[in-house]
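A.B. asks: Mind looking over this structure? Questions follow.
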Amino acid sequence: MSQADYFKNMPHDKQDPNPFLAIYLDQSIPFNEEAKASYLKDCSSKSRQFLLPVLRPLSRLLIILFQLYKIIFPKAFTSSKMLHRFLYWGMKTFVSPDANYMILRHFYLGSEVLQFIRDNIPGVHVEMNPLKPMNLEPVKDDLFLIHDLNLYNFVINLNKQIREKNIEVTKQERLNFDAITSSPIPIEQMPDRWSNFLDLMTAIECFTPVYQFFLTDNDFWRATNSLQLDETIGILASKVIGSNDRLALINNKHPMVPLSTLRAGFRLVLHGLATEQLHALIVELKQKQSA
């Protein structure tokens, strides 16, 4: 049974309507159907309902304590390799299959969105470093850190060329969708043992202070500030598409206003949803153009 069937076959009790069924059936927000079902099923888990309210304040307390620790020992115990080995182990051992699926999809879709933007700005030649993991193994190879670096390097290199060549980013009458996968993303079956119970939001809240601990303060700030580039990517995409109707869905706004790292976990989830929604919109446009 597909994840979408979970909601399609869910009975509707008029006296006790399921909030996640309502959100799943709503079509106002573009979202891949299987991914939407996976995410909402994950949101409805006992882990998110009971563990998240307890672990979130503890996680944010750790972020404050680690921030103080980093002031005194700015580079002690920093190791991206150790961080990603820990993340791999944690995802493989404790994170739910739906949450792991959504995490790997994010890297895949993010790479496609950046390449789509590049392909639809005539005159720019930005070298890409696409991340398209199909299982958890690539996590061990600095996957999260490279994802952040890719985003910054794309924005810097793209805008350097736009400035140097005096290029205006405008609507393209016929869009280039070569970068966009409209078929199911080929992600392998995720670990599904008794210990894989952590939902996406709770897992991110737990991993955020770990991320902070193993990175330098500069690396952690850079990673959290990258979330503010959601609006930048959304504006670039809207210019080449010729529509900004869906920009209202972006919640990580103005990149010139860096926010506190305390809410990094929550903002990271919003970042993932913004990528899903933008990619789904581009897939819709691809299907319309091919028709």
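The values are calculated or read from the model by the stated rules, or taken from the named source; none is laboratory data. All values reported here derive from a predicted model rather than from experimental measurement. Note: ideal-geometry Cβ built from the backbone for every residue, glycine included; neighbour counts use all protein chains shown. These accessible areas exclude ligands, DNA and RNA; they are computed on the full protein's heavy atoms, side chains included. Shrake-Rupley method; radii C 1.70, N 1.55, O 1.52, S 1.80 Å.
A.B. asks: So is L62 more than 30 Å from E188 (Cα to Cα), touching a helix residue (DSSP H, G or I) at 6+ places or on another chain (Cβ under 7 Å) and open to solvent by 60 Å² or more (accessible area, probe 1.4 Å) or not?
C.D. replies: Yes: the conditions hold for L62.
A.B. asks: What number of residues in the range 114-129 are within 27 Å of V210 (Cβ to Cβ) and at pLDDT 95 or above?
C.D. replies: Residues of the range 114-129 within 27 Å of V210 (Cβ to Cβ): 114, 129.
In the following step, the residues that additionally are at pLDDT 95 or above were identified as 114.
Matching residues across the range 114-129 total 1.
A.B. asks: Restricting to the range 153-172, what's the tally of residues that are open to solvent by 50 Å² or more (accessible area, probe 1.4 Å) and under 30 Å from S79 (Cβ atoms)? Before you say what the answer is, go through the steps one by one.
C.D. replies: Filtering the range 153-172 down to residues open to solvent by 50 Å² or more (accessible area, probe 1.4 Å) leaves 153, 156-157, 159-160, 163-166, 168, 170-171.
Still in the list and also under 30 Å from S79 (Cβ atoms): 153, 156-157.
Adding up the residues that qualify gives 3.
A.B. asks: In the range 169-217, what count of residues is obtained for those that are part of a loop (DSSP other than H, G, I, E, B), over 26 Å from F31 (Cα atoms), out of contact with any Pro (no Cβ under 9 Å at 6 or more places or on another chain) and of a type in the set (S, T, Y)?
C.D. replies: 1
A.B. asks: Being within 17 Å of R56 (Cβ to Cβ), at pLDDT 95 or above, in contact with a Lys or Arg (Cβ under 9 Å, 6 or more places away or on another chain) and surrounded by fewer than 20 Cβ atoms within 10 Å (Cβ to Cβ) narrows it down to one residue among F197, F266; which is it? I'd like the intermediate steps shown before the answer.
C.D. replies: Working: F266 fails: at pLDDT 95 or above.
Just a single option satisfies the conditions, and that option is F197.
A.B. asks: Of S45, S2, which residue is of a type in the set (S, T, Y), open to solvent by less than 60 Å² (accessible area, probe 1.4 Å) and touching a residue at least 40 places away in the same chain (Cβ under 8 Å)? Break it down stepwise before answering.
C.D. replies: Numbers: S2 fails: touching a residue at least 40 places away in the same chain (Cβ under 8 Å).
Within the list S45, S2, the selection yields S45.
A.B. asks: I would also like to ask the following. Quick one: in the range 224-240, which of the residues that are more than 18 Å from Y211 (Cβ to Cβ) and polar (S, T, N, Q) is least open to solvent (accessible area, probe 1.4 Å)?
C.D. replies: Checking each candidate, the answer is S238.
A.B. asks: What pairs come up if the first residue lies in the range 159-180 and is in contact (Cβ under 8 Å) with a residue 24 or more places away in the chain, the second is open to solvent by less than 100 Å² (accessible area, probe 1.4 Å) and among the polar types (S, T, N, Q), and their beta carbons are under 6 Å apart, counting only those six or more places apart or on different chains?
C.D. replies: Q172/N120; L175/N120; N176/N120; A179/Q115
A.B. asks: Scan the range 21-38 and tell me whether some residue there is under 26 Å from T261 (Cα atoms) and either without any contact (Cβ under 8 Å) to a residue 60 or more places away in the chain or exposed (fewer than 12 other Cβ atoms within 10 Å of the Cβ) (or both).
C.D. replies: No: the range 21-38 contains no residue that is under 26 Å from T261 (Cα atoms) and either without any contact (Cβ under 8 Å) to a residue 60 or more places away in the chain or exposed (fewer than 12 other Cβ atoms within 10 Å of the Cβ) (or both).
A.B. asks: Still on this model: Please go through the range 83-133 and pick out each residue that is closer than 21 Å to S47 by Cα and of a type in the set (S, T, N, Q).
C.D. replies: Matches in the range 83-133: T93, S96, N100.
A.B. asks: Which of the residues spanning the range 120-132 are in contact (Cβ under 8 Å) with a residue 40 or more places away in the chain and surrounded by 16 or more Cβ atoms within 10 Å (Cβ to Cβ)? Lay out the reasoning, then the answer.
C.D. replies: Here is the first cut: in the range 120-132, the ones in contact (Cβ under 8 Å) with a residue 40 or more places away in the chain are 120-124.
Listed by number, the residues that qualify are N120, I121, V124.
A.B. asks: Output the number of residues of the range 241-263 satisfying the condition of being in a helix (DSSP H, G or I), open to solvent by less than 20 Å² (accessible area, probe 1.4 Å) and touching an Asp or Glu at 6+ places or on another chain (Cβ under 9 Å). Outline the logic, then answer.
C.D. replies: Kept after step one, since they are in a helix (DSSP H, G or I), are these residues of the range 241-263: 241, 245-249, 261-263.
Remaining after also requiring open to solvent by less than 20 Å² (accessible area, probe 1.4 Å): 261.
Filter again for touching an Asp or Glu at 6+ places or on another chain (Cβ under 9 Å), leaving none.
So the answer is 0.
A.B. asks: How many residues does the range 150-197 hold that are farther than 16 Å from R105 by Cβ and either small (G, A, S) or touching an Asp or Glu at 6+ places or on another chain (Cβ under 9 Å) (or both)?
C.D. replies: 8
A.B. asks: Right, something else. Among the residues of the range 227-263, what is the count of those that are hydroxyl-bearing (S, T, Y), over 18 Å from the mean Cα position of the chain (by Cα) and either farther than 25 Å from I162 by Cα or modelled with pLDDT of 85 or more (or both)? Break it down stepwise before answering.
C.D. replies: Looking only at the range 227-263, we keep the residues that are hydroxyl-bearing (S, T, Y), and these are 232, 238, 243, 260-261.
Filter once more, keeping what is over 18 Å from the mean Cα position of the chain (by Cα): 238, 243, 260.
Okay, now just the ones that are also either farther than 25 Å from I162 by Cα or modelled with pLDDT of 85 or more (or both), so 238, 260.
Residues in the range 227-263 being hydroxyl-bearing (S, T, Y), over 18 Å from the mean Cα position of the chain (by Cα) and either farther than 25 Å from I162 by Cα or modelled with pLDDT of 85 or more (or both): 2 in total.
A.B. asks: Let me ask something else. Quick check, is N166 closer than 21 Å to N120 by Cβ, assigned to a loop (DSSP other than H, G, I, E, B) and not β-branched (V, I, T)? Don't jump to the end; show me each part of the working.
C.D. replies: Working: closer than 21 Å to N120 by Cβ: yes; assigned to a loop (DSSP other than H, G, I, E, B): yes; not β-branched (V, I, T): yes.
Spelling it out, N166 is indeed closer than 21 Å to N120 by Cβ, assigned to a loop (DSSP other than H, G, I, E, B) and not β-branched (V, I, T).
A.B. asks: For the range 6-36, how many residues are within 26 Å of I250 (Cβ to Cβ), touching a helix residue (DSSP H, G or I) at 6+ places or on another chain (Cβ under 7 Å) and assigned to a loop (DSSP other than H, G, I, E, B)? Walk me through it before giving the result.
C.D. replies: Here is the first cut: in the range 6-36, the ones within 26 Å of I250 (Cβ to Cβ) are 7, 19-36.
Next, from what is left, pick out any that are touching a helix residue (DSSP H, G or I) at 6+ places or on another chain (Cβ under 7 Å): 7, 20-21, 23-24, 29-36.
Of the ones still in play, those that are also assigned to a loop (DSSP other than H, G, I, E, B) are 29-32.
Going through the range 6-36 one residue at a time, the tally reaches 4.
A.B. asks: Name the helices (runs of 4 or more DSSP H) wholly within the range 52-145 that hold at least 2 residues that are touching a Lys or Arg at 6+ places or on another chain (Cβ under 7 Å)? Even if it seems obvious, please write down each step before you answer.
C.D. replies: Values: elements: 52-72, 80-94, 97-119.
Those helices (runs of 4 or more DSSP H) span 80-94, 97-119.
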